[in-house]
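For reference, the structure discussed in these notes is given below.
Read-outs throughout are calculated quantities, based only on the coordinates presented, and are distinct from any laboratory measurement. Worth saying up front: this structure is predicted, and the values here are computed from it rather than measured. Reconstructed Cβ throughout: ideal geometry from the backbone, glycine too, with neighbour counts over all protein chains shown.
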Amino acid sequence: MTGAAGTPDGRPADVAVIGAGVVGTAIARALACQDVSCVLIDAANDVGTGTSKANTAILHTGFDAVPGSLESRLLRRGYALLGEYAHRAGIPVERTGALLVAWTAGQLAELPAIEDKARRNGVTDVHPIGPGELYRREPHLGPGALGALAIPGESIICPWTTPLAYATQALAAGARLRLRSRVTGIRPGATEHQVVTSTGVVRCRWVVNAAGLNSDVIDAMMGGDRFTIRPRRGELIVFDKLARPLLSEILLPVPTARTKGVLVAPTVYGNVLLGPTAEDVPDRGDVATTAAGLAALIDAGRRILPGLAAEEVTASYAGLRAATADRDYQIWVDGSRRYACVAGIRSTGLSASLGIAEHVTVLLADAGLRLVGRPEPDPPVMPYIGQAGIRPYADAARIAADPEYGQIVCHCERVTRGEIRDALASPVPPADTDGLRRRTRALNGRCQGFYCAATIAELLGGAGSVASAQASGESPPCAGTAKAPATEPPGPQASGAPGEPLPRASTEPG
């Protein structure tokens, strides 16, 4: 799409949000639900790519944030908001709790200070446990643990459905989505700004910079120079579902001044996650895994949970965090320039996303952006892709009503033709197989698409490419929402779903 764009009637949009990650989509949702005309812009072909798709998928309480910091306040608020939103939207969440494990006398001595910090952050249900209780709760833990701090509120969440739900609700409220549109410049003006993108110019009154790893670049386009993004790469390993019985809770390390360290955690998809590493890299696009990084993770995993060494690796990946010299969030609004900067969110953006959006919306209103105060609308109910609930392949009533929910395409992850069809017809459809993975779990299993990739590629190509058409330019507002997941008891397995556990695949990391 080329040419200048604002609202359908030719006026500039009230706000252009640059960056369609979990924070940008949350802000667009908050603004659109307050009757603000909004254009959400991203260089990628989908929402929720970049840092938002490659993280540890934990819903953090904020127990270890710096007390009194903006991160602490917005993380605590976001945790409460997202927990309630996820319940209403059908976003998979499991309240597993976490154990912050001390392996040395020095780490054990740090636990009281961490407990005190948690209480100052408003997380008051933390409590220490001794080695006896620790090994009772986690019998597969490696030898030598001296104790732990229990954090009952730490949870696991789906990082893919969350920004997708925000974007879906934003579009339903009137926002416009402009993907594959790299911002190449901004022409600030007295009454309107012109955001120059690779697909044309977006006219707007306000600019919100939620560009993540490129937020300092966008800030410079608006005349700023207050911070520099220093990409920090984190590599992670995903273990097969047969590893899931090895742990019940998230196993956290005692953090250092630089990083939260390597954790072992279950995922809402039934796998086990190990990571991340922490390495500063110069290239903002460097998401390659490394032999040294993966070897270090395997070594750490062997010490934390020795049984992992015998389990199959399903996949490995790397993500980049948008670190800055300042550990706190870089969030401010300049009313004179009609500009909001939302940067330096690092690794807590998923958990804090709704708290950040609420905070930014208030700052914008205080700076002069007109909002329409109205009750919070109901979120869309998203297709359920977690492991703990009922999926379509196991729902006899749903299969009886629509046989395509009984036709399994991806056997490793039990994804049906009906789910793929629904994803391709959704308000924010996938543009490629990676997008389909994030919406359905297809291709994410042991075989990594060896058996189902051809069928899935055929289904994507046969969609007529609503996905490609929308992803290549601007997606207009829509009124539709995703279908609700079934809530009835599971019935017989869908046709084609193996009744026995699948044999272990011989898969290499990556």
Ranked packing of 166-176, 403-413, most packed first, by mean Cβ within 10 Å
166-176, 403-413
Expressed in angstrom and ordered largest first, the alpha-carbon extents of the range 250-314 along the principal axes are 35, 27, 24
Within the chain, helix-based [θ] at 222 nm, where runs of 4 or more DSSP H residues each add -39,500 (n - 2.57), nearest 500:
-8500 deg cm²/dmol
At a temperature of 4 °C and a viscosity of 1.567 mPa s, determine how fast the range 388-468 diffuses translationally according to Stokes-Einstein, using the Kirkwood radius over alpha-carbon pairs as Rh; express D in µm²/s, rounded to the nearest whole number.
103
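Assign unit charges at the C-beta atoms only (+1 for Lys and Arg, -1 for Asp and Glu), then state the dipole size of the chain relative to its Cα centre in Debye, rounded to the nearest 20. Before the final figure, lay out each step's value.
On the way: 50 positive and 50 negative charges, 108 e Å.
Value, rounded to 20: 520 debye.
Rg to Rh ratio, the range 335-423, alpha-carbon atoms and Kirkwood radius? Before the final figure, lay out each step's value.
Values: Rg = 20.7 Å, Rh = 17.1 Å.
Taking Rg over the Kirkwood Rh, I get 1.21.
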Once you have the Cα-Cα distance between residue 124 and residue 309, take 0.36 nm times their residue separation minus that, and quote the gain in nm to one decimal.
63.0 nm
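Using only the alpha carbon atoms of the range 1-59, find the Kirkwood hydrodynamic radius as the inverse mean reciprocal pair distance, in angstroms to one decimal.
Numbers: mean 1/r = 0.0789 Å⁻¹.
Computed over Cα pairs of the range 1-59, the Kirkwood hydrodynamic radius comes out at 12.7 Å.
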Between rounded, prolate and oblate, where does the range 1-137 land on the alpha carbon gyration tensor, with a ≥ b ≥ c its root eigenvalues, rounded for a/c under 1.5, else prolate if a/b exceeds b/c?
prolate
Between residue 400 and residue 365, with labels modelled 7 Å along Cα→Cβ, what's the label distance in nm to one decimal, could you check?
4.8
The whole-number value in µm²/s of the Stokes-Einstein translational diffusion coefficient for the chain, with Rh from the Kirkwood sum over alpha carbon pairs at 4 °C and 1.567 mPa s, is 55
Proportion of all alpha-carbon pairs of the range 92-241 beyond 25 Å (%):
58
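Rounded to two decimals, what is Rg over Rh for the range 211-269 when you use alpha-carbon atoms and the Kirkwood radius?
Numbers: Rg = 17.8 Å, Rh = 15.0 Å.
In the range 211-269, Rg relative to Rh is 1.19.
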Whose amide H sits under 5 Å from the amide H of residue 7, counting only residues 5 or more places off or on another chain, with H placed in the peptide plane?
13
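Express the relative contact order of the chain as a whole percentage, based on alpha carbon pairs under 8 Å and six or more residues apart in sequence.
Reported relative contact order: 21 percent.
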